[in-house]
Ligand SMILES: Cc1ncc(C[n+]2csc(CCOP(=O)(O)OP(=O)(O)O)c2C)c(N)n1
C-alpha cells in the first residue's frame, strides 16, 4: 500500500486530505521517525510529540506565506516531512543531507533558521511587525516548547509582544520536559493547568460563544461557570502580559487542535498564546517511558572503548566536590549532556539546573563566587556564546573566580552549523583576567579540572577549559591529579626542521603527523600548548628559534584563535619564522561526521602532514613526498 506520506509534496497536499485520513498520516509520520532516526541519529522523543501539531498547523496555515517559526528546530522533523522533504529524510544529519535543525537555505518553509533555544518569539514578532509595516495580512506563528520558554530571550520577546499588541500567535508545546524534566516557576505554573485538560480561563470566556462547540469550547463554558481560581490564576499571567490565552488543548487530538487554531487564526487580533499539551515520545512506549534517554539517539556505531570527555569531567567534578564543600556546579538545562547528572544526584543542594538560561547561569555563578563558593559552570561551547556579556561584565571585569567547563568544543559533527564549538578560544582569550586551557586527552582533562578548581578556590579569577564531544583517546586515567603550572605547555618531541604547535585534542594528531613526516626525513618538534592564554611564551619562542618553520593546529576558527595568538606572540618578539596555521577557515561548518570534517579541514594526522609539506616543500628530504 502506498503511504499517504509519499504523496505529500507540500502543505497543500496535507490540506487536501480528508479528516478521516489524518490518523493514518500521523501513524505514518511516527513510523518514519522510528525507522529513520535510529539509523541517522537525531532527536526522537520531541518529534514523536509534535506529529499532530505539525499536521494541524499545516492544514490551518498556508506556509510559506504564513510563517511557522519553530523554536530550536529539534522537534520540527514532522514539519520537514510535510513540507516536501520526506524523500530526503533518510539523509537527515548526514553530510550534504537534511539538517537536524531548521535552515532557511534548506526550505522556504523554514521561516527562520534555528538550533539554539528561545529565539522563535523574537523572530516571529519581527516578522509580524514587518508585515504590519508593509500593510500585509499573513499570519505568523511561533511554536515554542516549555523548555524553550525558560530562555531569557523568550521572556524578553513575550514582554515586547504583549506590549506591542501585534497580531501574533504563540503555540506553547508543553510536555513538561526540557531535555531533562523542565524546571522553573513558570513550568510549575503551567503544570497547575495540566491535571484538568481542556480547562480554560474566565479571561478567555468570550471564546466560548465563538468557537465551534468542540471539546475545548464545552469545557471552557463549564469552567467559566465554575470559575475556579486554580485555572484562572495561571492564565491571568498571560492576560496581564497582553496575550489572549487559549487552552489548554490536547496536542494529540488533531481535530481539536485544528478547530482551535482556525478560530485563533480568524479571530485573533492581538498576541495570542495557544497552550498545547503534548506527551514527549507520544506513540512509542520506550520514548514515553524515558523521554530523557530518547530525547536524542545516536546512530549505530562501534562502541567506543574509552570514556567520553564528558564522563571524565563529571567523575572528576564529583570527586572534587566530595573533597571541598565550597564547590558547586551549574548546568543550563543539560545535566546529562554535561555529565553532571550523577553529581546532581549525589549533591542536590550544591548543583543547579537553571533551565535554558546560559546568561543567568553565568551571572548566578558570579554571585555564588562573591560569597566564597567555587562555581563550576558547565555549558557547551556553542551555548556559552549566548552569555558573552555576562562572562565579560559580570565575571571578568570583577575578576570573579568561576570555572567555565566548555563541553563540545570543536567540531561536534551531526548537529551542524548552529552547534559547532568553533569560536570559544577566540571569544575567551581576548578577555582580561581569563585563563583558557584545552586538554590533549581525557587524562589531561582531569588535571585541568583540578587545576581550574584550585585556581578559582584560591580566588585567582576566572578560568576556562574546552574539550571535545565524544570519546577520549583511550589513555590511562592517572589516579592522582596534578596541578598544571599556569601558562606552561610541554615539549612532547624534539626536532629541528619543523615545529608543530597544537592545542587540545589536535595534539595526538600532531604527534602522529610528526611520525609520518619523520619517515620522510623531516625532524619535527611537537608542542602541546595546553594554555591558549597565557601562552607558554618561553617554550614557543624557543621552538620557533630552533626550527625552520612552524605549523599551528587547532580545531577552531583561524580568525582570532590559537594560531593567531602564536602569530601575535612571534610578531611581538620580532620572530620571522614562517608559520602555516591549520584550523577552520571563515565558514560555518555544516553537519557531517566529526572524522570526515576533521579530514576535510586537514586537522587530522594525514592532513597536518600533507599541509606541512605543501606549505614548506623545501623540508622534504625524500623525493617521494615532493
Ligand atoms: C541556548 C540553548 N541551550 C541549550 C540547548 C539544548 N537543547 C536543545 S532542545 C532542549 C530542550 C528544549 O525543551 P523544549 O523546548 O520543551 O522541547 P521538547 O524537547 O521538550 O519538545 C535543550 C535544552 C539549545 N538548543 N539552545
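The values are calculated or read from the model by the stated rules, or taken from the named source; none is laboratory data. A quick note: this is a predicted structure, and the numbers were derived from the prediction, not measured. So basically every Cβ, Gly included, is an ideal-geometry build from the backbone, and we count neighbours across all protein chains shown.
When segment 14-45 is limited to residues that are within 16 Å of the ligand (Cβ to nearest atom) and more than 17 Å from residue 253 (Cα to Cα), the one that is surrounded by the fewest Cβ atoms within 10 Å (Cβ to Cβ) turns out to be 41.
Screening the candidates 187, 142, 161 for the property of being assigned by TED's automatic domain parsing to the domain that holds residue 240 and either in a loop (DSSP other than H, G, I, E, B) or within 18 Å of residue 332 (Cβ to Cβ) (or both) yields one hit, 187. Scan segment 556-571 and give yes if some residue there is over 34 Å from the mean Cα position of the chain (by Cα) and part of a strand (DSSP E or B), otherwise no. Within segment 556-571, not a single residue is over 34 Å from the mean Cα position of the chain (by Cα) and part of a strand (DSSP E or B).
Between 131, 188, 93, the distinction of being more than 26 Å from residue 51 (Cβ to Cβ) and touching a strand residue (DSSP E or B) at 6+ places or on another chain (Cβ under 9 Å) belongs to 131 only.
Does residue 379 fit the bill of being crowded, with 19+ Cβ neighbours inside 10 Å, under 18 Å from the mean Cα position of the chain (by Cα) and part of a loop (DSSP other than H, G, I, E, B)? No: the conditions fail for residue 379. Here residue 356 passes the criteria (1) under 16 Å from residue 183 (Cα atoms); (2) free of Cβ contacts under 8 Å to residues at least 12 places away in the same chain except the one numbered (2). Do we find a residue being crowded, with 16+ Cβ neighbours inside 10 Å, modelled with pLDDT of 55 or more and closer than 22 Å to residue 57 by Cβ anywhere in segment 185-194? Checked against the condition, which is being crowded, with 16+ Cβ neighbours inside 10 Å, modelled with pLDDT of 55 or more and closer than 22 Å to residue 57 by Cβ, segment 185-194 yields at least one hit.
Quick one: would you say residue 399 is without any contact (Cβ under 8 Å) to a residue 60 or more places away in the chain and either assigned to a loop (DSSP other than H, G, I, E, B) or assigned by TED's automatic domain parsing to the domain that holds residue 598 (or both)? Against the criterion (without any contact (Cβ under 8 Å) to a residue 60 or more places away in the chain and either assigned to a loop (DSSP other than H, G, I, E, B) or assigned by TED's automatic domain parsing to the domain that holds residue 598 (or both)), residue 399 does not qualify.
Checked against (1) over 30 Å from residue 92 (Cβ atoms); (2) surrounded by fewer than 14 Cβ atoms within 10 Å (Cβ to Cβ), residue 566 passes all but a single condition, namely (2).
Checking the stated criteria, residue 505 turns out to be in the same structural domain as residue 609 (by TED's automatic domain parsing), surrounded by 15 or more Cβ atoms within 10 Å (Cβ to Cβ), in contact with a strand residue (DSSP E or B) (Cβ under 8 Å, 6 or more places away or on another chain) and closer than 26 Å to residue 330 by Cα. Criterion applied to 293, 280 was being surrounded by 17 or more Cβ atoms within 10 Å (Cβ to Cβ) and within 22 Å of the chain's Cα centre (by Cα), and the one residue passing it is 280.
In segment 164-179, the qualifying residues are those that are more than 12 Å from residue 72 (Cβ to Cβ) and part of a loop (DSSP other than H, G, I, E, B), and the one that is nearest to the ligand (Cβ to nearest atom) is 175. Each residue in segment 292-339 was checked for being within 16 Å of the ligand (Cβ to nearest atom) and in contact with a helix residue (DSSP H, G or I) (Cβ under 6 Å, 6 or more places away or on another chain), and 7 of them qualify. Filtered by the rule that a residue be within 24 Å of residue 155 (Cβ to Cβ) and either part of a helix (DSSP H, G or I) or within 16 Å of the ligand (Cβ to nearest atom) (or both), segment 262-286 gives 264, 273, 274, 275, 276, 277, 278, 280. Going by what's in this entry, would residue 113 be described as in contact with a strand residue (DSSP E or B) (Cβ under 9 Å, 6 or more places away or on another chain) and either near the ligand (Cβ under 9 Å from one of its atoms) or outside the structural domain of residue 84 (by TED's automatic domain parsing) (or both)? No, not satisfied. Does residue 288 meet the test of being touching a helix residue (DSSP H, G or I) at 6+ places or on another chain (Cβ under 6 Å) and either at pLDDT below 95 or under 30 Å from residue 278 (Cα atoms) (or both)? Here the answer is no, as residue 288 does not meet what is asked. Of 118, 84, 73, all but one fail to be surrounded by fewer than 19 Cβ atoms within 10 Å (Cβ to Cβ) and either within 14 Å of the ligand (Cβ to nearest atom) or in a loop (DSSP other than H, G, I, E, B) (or both); the exception is 84. For residue 349, the stated conditions do not hold, so it cannot be described as assigned to a loop (DSSP other than H, G, I, E, B), more than 16 Å from the ligand (Cβ to nearest atom) and either on the phi < 0 side of the Ramachandran plot or under 21 Å from the mean Cα position of the chain (by Cα) (or both). When each of 478, 444, 458, 490 is tested for being on the phi < 0 side of the Ramachandran plot, in the same structural domain as residue 383 (by TED's automatic domain parsing) and surrounded by fewer than 20 Cβ atoms within 10 Å (Cβ to Cβ), the lone residue that passes is 458. For residue 93, the criteria (1) assigned to a loop (DSSP other than H, G, I, E, B); (2) more than 22 Å from the chain's Cα centre (by Cα); (3) touching a residue at least 24 places away in the same chain (Cβ under 8 Å) hold in every case but one, which is (2).
Within segment 325-342, residues that are outside the structural domain of residue 147 (by TED's automatic domain parsing) reach partners that are in a loop (DSSP other than H, G, I, E, B) and surrounded by fewer than 23 Cβ atoms within 10 Å (Cβ to Cβ) with beta carbons closer than 6 Å, at six or more positions or on different chains, in the pairs 326/373; 328/373; 332/354; 335/180.
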